[in-house]
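Asks: So that we are looking at the same thing, I have put the structure below in structure tokens.
The values are calculated or read from the model by the stated rules, or taken from the named source; none is laboratory data. Worth saying up front: this structure is predicted, and the values here are computed from it rather than measured. FYI the Cβ positions are ideal-geometry reconstructions off the backbone, even for glycines, and counts take in every protein chain you see. These area figures cover heavy atoms from the full protein model, side chains too; ligands, DNA and RNA do not enter into them. Shrake-Rupley method; radii C 1.70, N 1.55, O 1.52, S 1.80 Å.
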Amino acid sequence: MKRLAAALTLTPGAALACALPPSVILTLPTGHYILAAALTVALTALLGVLTDRLPPLQGHLLHEGADLWPRMVGWTAGFIAMAVLLAIGFQGADDPLHNLLTLVFWTGVWIALPFASMVFGDLWRPFNPWVAPVRALRIALGWRGSVGLSGLGHWPAVVGMAGFSWFQIVSLAPDDPAGLAGLMLGYWLVILLLAVAEGEGWLEQGEFLTVFFALIGRVAPVWRVREAGRVQWMVGWPGAQVVRMAPLSLSQMAFIIVTLGSLSFEGLSETFWWMGLIGENPLEFTGRSAVIGVNTLGLLASWGLTGAAIWAGLRLSRALAGGGFAAGPVMLSFLAIAAGYHVAHFFVTLITTGQYTLWALNDPLFRGDSLLGLPPFYISFGFLSDPVFMQAVYAVQFAAILGAHLLAVILTLKLAGRGLRNMGHLPMTALMVLYTIFGLWLMSTARGA
Amino acid sequence: MKTTLTGIAPSRRAVLTGMGAGLIAGSAGLVRPVWAQAAPLKLGFQLHATGIGASYGRWYQRTADAALKKINEAGGIGGRPVEIVYEDDGTDPARGAEVVDKLNSQHGCDLIFGTLFSHVVMGSAPRAGELKVPYLVCSEGYHVASGALNRWTLQPGITDVRSQISSMAPWVAGNLGKKVTMFFPDYAFGYDHRDFFTKAIEAQGGQVVAQIAIPPTETSYTRYFAQIPAETEVLYHVMVGPGVLTFVKELGEFYGSGAKPQLFGFIDSLEAVDTATPGLEFLEGSHFWEAHPRVKPADAGAAEGDYRAAVGVDDNGASVADAKDVATYSHMFSAWETLHFIKQTVEASGYAGVADRQKLVEAMEAVTDLPYGIERPQGAKVFNGKTHQAFGSQNISKVEGGKLVKVHTTTIDEGKYDDGVDYTTMSF
């Protein structure tokens with residue numbers, strides 16, 4: 001790359017610029033919005049501490065009935081859908097915007113499905129593409145035992161999420177359909193092997209997508225409880241499920257830290273601030289190949305800093321409060337922040353690249369079909385330079401970040417323990433305020449690449 | 001293994017064969033010309049589908065698809081159907097070189113075209129030279145004509161930036177003023193404007209009174225405006241990126257409603273952006289360079305309407321489906337014109353397969369006049385076989401009522417300069 005950089009500076013030819021559209025957001029008084037959001041988070045914590053009056057966060061039964069959902073149907077459908085998508089990944093177009101695998105994975109599985117799961121609870125679980133083949137293989141092999149993988153806790157999923165994040169944020173070509181298909185197939189086979197050896201229940205602690213969806217689905221205001229052939233549909237404020245969760249294990253905490261740190265760096269790595277730091281010109285970004293090393297370090301640093309900041313906040317709070325603030329329960333608050341970040345970061349991708357996905361689902365072979373009954377339409381990004389629309393987009397991101405942090409503050413107050421000194425809430429509240437500012441700054445600052 | 005035509009999902013290139021899917025989702029053509037049993041001509045397209053160039057890539061693909069559809073419906077090239085194989089380069093030079101390899105070796109493309117970003121061209125052209133595959137770029141960089149590349153790399157579909165910039169000077173000096181202050185981003189793109197325009201305006205008896213370079217990561221500009229000399233008659237600006245709206249807004253606040261110099265800019269700043277966008281009011285009455293005027297000029301040639309209809313762009317330069325979705329209109333014609341240049345030279349050379357690649361490049365080098373017509377909706381061009389570079393006329397438009405109204409067209413000669421290289425003397 002250095003040779004190339006030298007060649008570029010020695011050549012009189014100029015790069016064509018104007019890659020990045022002018023940003024409407026940069027002309028808004030976002031500093032005021034960020035200040036207001038930070039104050040709102042701080043005041044919420046203050047009022048919560050002083051009045052000790054917090055929303056009850058209870059679940060209410062909406063409907064109860066027999067559990068008629070034939071689960072194996074969903075699991076089999078998930079497995080078949082994945083197989084078909086992989087085949088398309090290998091055999092279909094090399095152009096990622098015209099390949100159903102790339103589109104469905106990056107805008108569907110990674111964006112739309114998590115968004116839906118934040119509203120309706122874990123929607124990955126009913127279609128988990130491993131369960132059906134694992135169960136079938138274990139029956140065929142007559143193997144009912146385990147090999148002790150469960151003793152590793154959630155660490156395998158931590159490794160999975162870390163690797164996936166690197167692939168998404170840093171690697172050269174995460175959108176390349178064949179590359180993505182190859183990686184998915186390899187990962188699927190490894191997990192299949194391990195789950196056959198250990199049992200399908202292990203997926204819930206060893207497979208990162210299964211863990212991710214289970215956690216992120218906990219902030220949903222609607223969820224299902226299945227027991228003994230009965231299913232209960234529940235409704236309650238976001239967080240109502242979280243306060244009833246068991247304290248997190250160390251590996252589960254690590255999973256949340258890696259998830260949150262990755263989302264933070266995903267946003268940060270695109271900012272002019274980061275580009276300036278690593279000596280990249282954002283108006284003439286060299287491309288991913290030039291920044292793999294430094295962005296790998298950045299991602300590692302982001303995980304480290306996220307973990308250190310939360311650990312320091314908890315330790316300080318505990319010291320000042322005279323107890324409480326056990327990591328296991330309080331770390332659950334950061335689930336809300338991870339969910340809010342996910343929405344804020346990927347919302348624009350959903351409404352831009354999501355159009356290609358809709359098109360590809362409507363006409364998967366690009367031959368004029370209309371499987372979804374949609375009329376012909378052009379892919380359109382005109383709204384990206386429409387001030388009114390972009391302010392609405394920013395409002396969605398703002399609401400996601402602010403809402404997530406308000407929920408996180410309330411959860412922290414609820415989970416920190418009883419009978420603590422009020423001062424103890426100061427460090428964790430400060431951390432939440434900083435996270436609010438950081439999250440909104442990421443959405444407001446100049447970004448490239 | 002990949003992109004076989006009989007896979008579970010036919011590849012896009014297979015679908016494009018003979019019907020040109022266009023970018024209308026769900027409308028891909030039902031017209032299927034009946035081909036003779038000729039094997040298709042396979043053209044590789046190095047596409048910025050992702051990365052920093054993606055906003056351009058979307059329109060380049062739409063334009064190339066439209067040209068492909070037109071050519072196939074009219075009988076293909078040399079009686080053969082044509083396929084375009086799109087490969088995403090991530091707007092990354094390292095991937096660009098890989099894509100050249102892949103299009104050549106894996107897909108067996110006859111040639112490669114469509115590359116826009118100069119750093120991707122610089123990263124890919126050497127590989128194209130090694131593989132001896134014709135590589136036709138659409139980047140408007142001066143790198144081709146400067147002699148930095150090789151015998152296999154040509155730029156037949158768009159005038160280079162040196163010519164574009166130089167040809168502006170006579171009109172600017174004659175109509176706006178001779179004392180110019182330049183605002184440009186502090187890197188190669190800006191330096192081209194600084195160097196070529198400064199020289200060209202001096203040749204017109206004018207003078208650049210200040211050159212103000214703005215760091216690429218800057219997002220606030222007011223403090224730089226204090227450096228504008230009072231004697232300035234023309235403010236030449238080529239700011240690009242997310243900060244452009246802020247730049248215009250702060251410039252407006254700086255001058256208020258008082259006296260201000262004439263503004264002259266390059267449409268690169270606002271390519272794909274509606275000039276009527278709130279916040280850009282200060283640009284009213286100012287002038288812009290455009291290669292291809294986005295608002296259909298009153299005196300537009302006969303081909304203009306047909307080209308717009310084929311690409312799905314209305315008379316304001318926006319998508320027919322969304323008036324806010326403004327095209328990268330000033331640049332994307334190069335994908336269309338390059339494809340037609342390929343058609344012309346493949347047919348003239350009697351190209352039959354990869355063994356004829358050298359013959360094809362020689363036929364390209366022999367081209368001189370490229371007359372106006374549906375093949376070249378931007379305008380007639382002259383091709384210089386020695387420098388591998390096309391030269392065309394440029395346009396100047398004025399913002400009137402938030403719209404870009406063409407007020408002047410340069411001659412091709414105004415953009416000419418002495419040859420910097422003779423590629424025809426180099427070995428293949």
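Asks: Can you pull out the residues in the stretch A:235-252 that are open to solvent by less than 30 Å² (accessible area, probe 1.4 Å), aliphatic (A, V, I, L, M) and under 12 Å from A:H60 (Cβ atoms)?
Replies: A:A240
Asks: So, one more: So A:I379 passes all but one of these: (1) touching a strand residue (DSSP E or B) at 6+ places or on another chain (Cβ under 9 Å); (2) more than 22 Å from B:Q61 (Cβ to Cβ). Which condition number does it fail?
Replies: Checking A:I379 against (1) touching a strand residue (DSSP E or B) at 6+ places or on another chain (Cβ under 9 Å); (2) more than 22 Å from B:Q61 (Cβ to Cβ), the one that fails is (2).
This table checks each residue for (1) under 26 Å from B:T410 (Cβ atoms); (2) under 27 Å from the mean Cα position of the chain (by Cα); (3) assigned by TED's automatic domain parsing to the domain that holds B:V180.
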position: B:E218; (1), (2), (3): no, yes, yes
position: B:Y224; (1), (2), (3): no, no, yes
position: B:L245; (1), (2), (3): no, yes, yes
position: B:L251; (1), (2), (3): no, no, yes
position: B:G256; (1), (2), (3): no, no, yes
position: B:A259; (1), (2), (3): no, no, yes
position: B:W289; (1), (2), (3): yes, yes, yes
position: B:A309; (1), (2), (3): no, yes, no
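Asks: Taking helices (runs of 4 or more DSSP H) that do not extend beyond the stretch A:78-167, which have at least 1 residues that are in contact (Cβ under 8 Å) with a residue 60 or more places away in the chain, under 30 Å from B:Y86 (Cβ atoms) and within 14 Å of another protein chain (Cβ to nearest Cβ)?
Replies: A:100-103
Asks: Is it true that A:L358 is aliphatic (A, V, I, L, M), part of a helix (DSSP H, G or I) and within 30 Å of A:D369 (Cα to Cα)?
Replies: yes
Asks: Right, something else. Please go through the stretch B:141-161 and give me each residue that is in contact with a Ser or Thr (Cβ under 8 Å, 6 or more places away or on another chain) and either open to solvent by less than 10 Å² (accessible area, probe 1.4 Å) or basic (K, R) (or both), ordered by number.
Replies: B:G141, B:H143, B:V144, B:A145, B:R151, B:Q155, B:P156, B:G157, B:I158
Asks: Please give the number of the condition A:L248 fails out of (1) in contact (Cβ under 8 Å) with a residue 24 or more places away in the chain; (2) among the aliphatic types (A, V, I, L, M); (3) more than 14 Å from chain B (Cβ to nearest Cβ); (4) assigned to a helix (DSSP H, G or I).
Replies: (4)
Asks: Follow-up. Inside the stretch B:105-122, can you point out the residues that are over 18 Å from the mean Cα position of the chain (by Cα) and over 18 Å from B:L339 (Cβ atoms)? Before the answer, list the steps.
Replies: Going residue by residue through the stretch B:105-122, those that are over 18 Å from the mean Cα position of the chain (by Cα) are B:105-111.
Scanning the stretch B:105-122 gives B:S105, B:Q106, B:G108.
Asks: If we only count helices (runs of 4 or more DSSP H) wholly inside the stretch B:79-195, which ones have 1 or more residues that are among the hydrophobic types (A, V, I, L, M, F, W, C) and within 14 Å of another protein chain (Cβ to nearest Cβ)?
Replies: B:93-101, B:118-131, B:161-166
Asks: Can you pull out every residue in the stretch A:324-353 that is open to solvent by 10 Å² or more (accessible area, probe 1.4 Å) and not in a helix (DSSP H, G or I)?
Replies: A:G324, A:A326 - these are the residues of the stretch A:324-353 that are open to solvent by 10 Å² or more (accessible area, probe 1.4 Å) and not in a helix (DSSP H, G or I).
Asks: A:F265: open to solvent by less than 20 Å² (accessible area, probe 1.4 Å), out of contact with any Asp or Glu (no Cβ under 7 Å at 6 or more places or on another chain) and modelled with pLDDT of 95 or more, yes or no?
Replies: So A:F265 fits the description; yes.
Asks: Going through A:S289, A:S251, A:S302, A:S264 one at a time, which residue ends up being in the same structural domain as A:L413 (by TED's automatic domain parsing), under 30 Å from B:Y191 (Cβ atoms) and not hydrophobic (A, V, I, L, M, F, W, C)?
Replies: Within the list A:S289, A:S251, A:S302, A:S264, the selection yields A:S289.
Asks: Then there is this: Filter the stretch A:189-234 down to the residues that are open to solvent by less than 10 Å² (accessible area, probe 1.4 Å), assigned to a loop (DSSP other than H, G, I, E, B) and under 17 Å from A:G59 (Cα atoms) and list them by number.
Replies: A:A220
Asks: Being crowded, with 17+ Cβ neighbours inside 10 Å, part of a helix (DSSP H, G or I) and within 14 Å of another protein chain (Cβ to nearest Cβ) is true for just one of A:A173, A:A178. Which residue is that?
Replies: A:A178
Asks: Name the residues in the stretch A:36-86 that are basic (K, R) and surrounded by 12 or more Cβ atoms within 10 Å (Cβ to Cβ), would you?
Replies: Result: A:R71, single match.
Asks: Tell me which residues, restricted to the stretch B:344-363, are hydroxyl-bearing (S, T, Y) and either in contact with a Lys or Arg (Cβ under 9 Å, 6 or more places away or on another chain) or surrounded by fewer than 17 Cβ atoms within 10 Å (Cβ to Cβ) (or both).
Replies: B:S349, B:Y351, listed by residue number.
Asks: Further, regarding this structure: Say we look at the stretch B:376-420 and pick out the residues that are of a type in the set (D, E) and either open to solvent by less than 40 Å² (accessible area, probe 1.4 Å) or not in a loop (DSSP other than H, G, I, E, B) (or both); which of these is nearest to B:I165 (Cα to Cα)?
Replies: In this case the residue turns out to be B:E414.
Asks: Then there is this: Could you grab me the full set of residues in the stretch A:30-49 that are more than 24 Å from the chain's Cα centre (by Cα) and within 26 Å of A:M245 (Cα to Cα)?
Replies: Result: A:A42, A:T44, A:A45, A:L46, A:L47, A:G48, A:V49.
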